[in-house]
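Participant: Have a look at the structure that comes next, please.
The values are calculated or read from the model by the stated rules, or taken from the named source; none is laboratory data. Just so it is clear, the structure is predicted and the values come from calculations on it, not from any experiment. Here Cβ is always computed from backbone atoms with ideal geometry, including for glycine, and neighbour counts include all displayed protein chains. The accessibility values were calculated without ligands, DNA or RNA, using every heavy atom of the protein model including side chains. Shrake-Rupley method; radii C 1.70, N 1.55, O 1.52, S 1.80 Å.
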Amino acid sequence: MTPFRTFAMAALMVSAAAASARYVPESKIFLLETAHASYVFGVNENGALQNIYWGGKVSRAADFPPAHTVPEHASFDSREGMSPEEYPGWGGMQYSEPCLKVTFGDGVRDLALRYVSHEISTDTVTVHLKDIGYNFLVDLVYQVFPANDIIRRQVRITNRTTQPMTIESAQSAVWHLPPGEGYRLSYLTGRWAGETQLTREPIHPGRKVLESRRGTTSHEANPWFAIDAGGTADEEHGRVWFGALGWSGTWKMVVEQTPYQKVSVTAGYNDFDFGYLLQPGESLDTPPFYAGYTDGGFGESSRILHRFLREQILPDHANPHPRPVLYNSWEATTFNVNEAGQTALAEKAAKLGVELFVMDDGWFGQRNDDHRGLGDWYVNPQKFPNGLGGLIASVNRLGMKFGLWVEPEMVNPDSDLYRQHPDWAMHFPGRPRTEGRNQLILNMARDDVREHIFGMLDQLVSQNHIAFLKWDMNRNFSEPGWADAPGGAQKEIWVKYVNNVYAIIDRLRAKHPGLEIESCSGGGGRVDLGMLSRVDEVWTSDNTEAFDRLRIQDGFSAAYAPKVMMAWVTDVPNMNGRGTPLKFRFLVAMMGSLGIGANLNHWSDADFALATQMIGYDKEIRQTVQQGRLYRLASPAAGTFTANQYVSEDGHQAVLFAFLQAQQLLRPAPTVCLRGLDPDALYRVRTIDDKLADPRDTISGAALMNRGLNLRLVGDFDSTMLIFERIDR
Ligand code: GLA
């Protein structure tokens, strides 16, 4: 070997070590690496792209054989169909879930994608695939976030034939797990006022479909999954593969185990009622599908997703800041808003330490109840004779920012907008227009509707000092007709609607850089990584009852960070008739981004004193809760005791929240062992009450994590919080 060659190889090795995406020409494999995981795929002997490995980190390329199709088992299973393709088109003997299904302009419905070329940079690989016959191109884009332990996959589908063609199913990716049995699936389902309920169940042969057919992400299922090996993972241990789709429209996630023990997860646009017409030269992009792997159990899989959300997805990811303490008027005043009433609430909120005052529904048009007004986004002159200016000035004078509720995608039939533009509401000609909460949904896929809504919001924000919008969506699609769709592409409504909602938010934010947005859809009906790349927080649930919230928030935290989880303290008894102490309600809400949604006119002096104290605590710990690492110590789903712990990014502060639902037979609350601390460090302990059984000024990390703490939680709905500050010696 010449000296030059040795030098060149050394240089190559250095750059290869730094890169998180590599191609090995000899074996035609691609190696994607994050801090703790590897993802490997390659071009097989037929030119098809095939998955090779996804799991714990293996950096040595020579450890991976080239991709190859498996030998034929039986005439009922093709070799190709049984080999785990990276992006299988429906064609040949392909019987498992395809990523792409098309009808070409001449009626052919067979697709066989083959490798053409690729581009690679430090962290991104784009692989160009093409059908064996038609000039039909598919670009697979893999982006690696090495420090975040996440890989993002997205696909661009392009028609370069000379005829229009129809895309019948377009999935973002399929993630293949190492072949085997005994996997267990975790997923989130729910309904209005009961979102993000976590289910774990064994994966059996066949397909499990999680989906939304509602035009939006939905309360009923959330596009997130976690799969653990052997069904044995817990919060701290076990191999877990997990992921989430970034799409706020109809979506589908298929978890499949084939008869040959191959387990995979495919997700993208829901193919139900799907039909995307691609004219020659046109492209369709799929939503991004993010995934990761950890051997640190469910707790670590959540922490990876939380950190990824904060560091790569959220609008403030480059310069993160804690969410402000918010007040929202909805549960206090419902539609009965006016300048005097809101100003009185604002004065009280400001005294508590609230930083952002949000006026909810009822301020516009003839909106005195939910039967009318949606669509008429002018300020109601009876309620606000001086416009919004007077209220906003008062709120600002009190040292708070002002936020406003809007529901731009909707129209009440009893509104000026509907009377002017009945054709703008989604409908099929001559068919009923089904109302939900007395409202219809505007066809946001239409460019004229998009422009109207953008203009309205832009004007509202330009003419008023509005720092924050709560963007609501209080029903799902029905009769998704679009009779005059360009080119007759009616079914594109499912995709174009969402892209236009995204476009409006993107334009608004670009034009008004200080504006922040909360995504709400009757609570948590539109929570996903697509929306979260555009909004600062989400409304978790219309169910604000604190004990129910423990379960909803626990499930939410499986996939999404506490920072975006807006949580209000509201009055009792709440919607389910349950009453809990104000302290309990505060501590539940402080595990997310704190808001107050109570009627402050009804609060006693003692309530104000406690609330002021709790908001003060919140400001001390919110950086840790919102930007830190969450350890779920005891789940509300498992028993009557719940405990969550948060550790700041720098490890200097930790916060423990503990809740006892109901004490029986005078049993003491269980000992709580903390996690994620430095065993050798000493921590100063701060209590907010007398619930620590054995109070001490300082305690070692080892004692906190091994011996644990005993808490004197008694009776029903008792709670406490402890703050630990690391002492630097
Ligand atoms: C939805 C929201 C609530 C509130 C009402 C107003 O239900 O989730 O928080 O804004 O609409 O009508």
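Participant: Mind checking which pairs have a first residue in segment 536-547 that is charged (D, E, K, R) and a second that is within 9 Å of the ligand (Cβ to nearest atom), Cβ under 7 Å, 6 or more apart or different chains?
Facilitator: Close Cβ pairs (under 7 Å, with a partner that is within 9 Å of the ligand (Cβ to nearest atom)) amount to ASP542/TRP192; ASP542/GLY522; ASP542/GLY523.
Participant: Report, by residue number, each residue of segment 410-434 that is closer than 20 Å to GLY365 by Cβ, free of Cβ contacts under 8 Å to residues at least 40 places away in the same chain and either among the aromatic types (Phe, Trp, Tyr) or part of a loop (DSSP other than H, G, I, E, B) (or both).
Facilitator: Selection gives PRO413, HIS421, TRP424.
Participant: Hey, another quick one. Could you please give the count of residues in segment 307-342 that are part of a helix (DSSP H, G or I), more than 16 Å from the ligand (Cβ to nearest atom) and over 13 Å from TRP363 (Cβ atoms)?
Facilitator: Looking only at that region, the number is 8.
Participant: Taking into account only those residues within segment 453-466 that are crowded, with 17+ Cβ neighbours inside 10 Å and in contact with a helix residue (DSSP H, G or I) (Cβ under 9 Å, 6 or more places away or on another chain), which is farthest from PRO422 (Cα to Cα)?
Facilitator: Of segment 453-466, the ones crowded, with 17+ Cβ neighbours inside 10 Å are 453-454, 456-457, 460-461, 466.
With in contact with a helix residue (DSSP H, G or I) (Cβ under 9 Å, 6 or more places away or on another chain) added as a condition, the list becomes 453-454, 457, 461, 466.
Details: ILE453: 15, PHE454: 19, LEU457: 20, VAL461: 26, ILE466: 30 Å.
This residue is ILE466.
Participant: Another one. Any chance you could count how many residues in segment 471-511 are out of contact with any strand residue (DSSP E or B) (no Cβ under 8 Å at 6 or more places or on another chain), part of a loop (DSSP other than H, G, I, E, B) and open to solvent by less than 30 Å² (accessible area, probe 1.4 Å)?
Facilitator: Summing the residues that are out of contact with any strand residue (DSSP E or B) (no Cβ under 8 Å at 6 or more places or on another chain), part of a loop (DSSP other than H, G, I, E, B) and open to solvent by less than 30 Å² (accessible area, probe 1.4 Å) in segment 471-511 gives 4.
Participant: While we're on this one: Test each condition in (1) over 33 Å from the mean Cα position of the chain (by Cα); (2) surrounded by 16 or more Cβ atoms within 10 Å (Cβ to Cβ); (3) at pLDDT 95 or above for GLN50 and report the one that comes out false.
Facilitator: The one condition GLN50 does not meet is (1).
Participant: Can you name the number of the only condition in (1) touching a residue at least 40 places away in the same chain (Cβ under 8 Å); (2) part of a strand (DSSP E or B) that THR122 fails?
Facilitator: Just one mismatch for THR122, condition (2).
Participant: List every residue pair whose Cβ atoms sit under 7 Å apart, with the two residues 6 or more apart in sequence or on different chains, where the first one lies in segment 324-350 and is in contact (Cβ under 8 Å) with a residue 12 or more places away in the chain and closer than 30 Å to GLN623 by Cβ and the second, anywhere, is of a type in the set (Val, Ile, Thr) and away from the ligand (no atom under 16 Å from the Cβ).
Facilitator: Going by the 7 Å Cβ cut-off, the qualifying pairs are VAL325/VAL354; VAL325/ILE615; LEU326/VAL354; TYR327/VAL354; ALA346/VAL395.
Participant: Does ARG509 satisfy the condition of being modelled with pLDDT of 95 or more and either more than 16 Å from the ligand (Cβ to nearest atom) or among the hydroxyl-bearing types (Ser, Thr, Tyr) (or both)?
Facilitator: Considered against the rule, which asks whether it is modelled with pLDDT of 95 or more and either more than 16 Å from the ligand (Cβ to nearest atom) or among the hydroxyl-bearing types (Ser, Thr, Tyr) (or both), ARG509 comes out as yes.
Participant: A further question follows. Restrict the check to segment 574-589 and report whether at least one residue is within 24 Å of the chain's Cα centre (by Cα), within 16 Å of the ligand (Cβ to nearest atom), crowded, with 24+ Cβ neighbours inside 10 Å and not in a loop (DSSP other than H, G, I, E, B).
Facilitator: For segment 574-589, residues within 24 Å of the chain's Cα centre (by Cα), within 16 Å of the ligand (Cβ to nearest atom), crowded, with 24+ Cβ neighbours inside 10 Å and not in a loop (DSSP other than H, G, I, E, B): present.
Participant: How many residues does segment 346-367 hold that are within 16 Å of the ligand (Cβ to nearest atom), surrounded by fewer than 24 Cβ atoms within 10 Å (Cβ to Cβ) and farther than 25 Å from ASP416 by Cβ?
Facilitator: So the answer is 1.
Participant: Do you know which residues across segment 690-719 are over 20 Å from GLN661 (Cα atoms) and in a strand (DSSP E or B)?
Facilitator: Residues satisfying the conditions are THR698, ILE699, SER700.
Participant: In this structure, does GLY430 turn out to be more than 16 Å from the ligand (Cβ to nearest atom) and not hydrophobic (A, V, I, L, M, F, W, C)? Don't jump to the end; show me each part of the working.
Facilitator: On the way: more than 16 Å from the ligand (Cβ to nearest atom): yes; not hydrophobic (A, V, I, L, M, F, W, C): yes.
Criteria met by GLY430.
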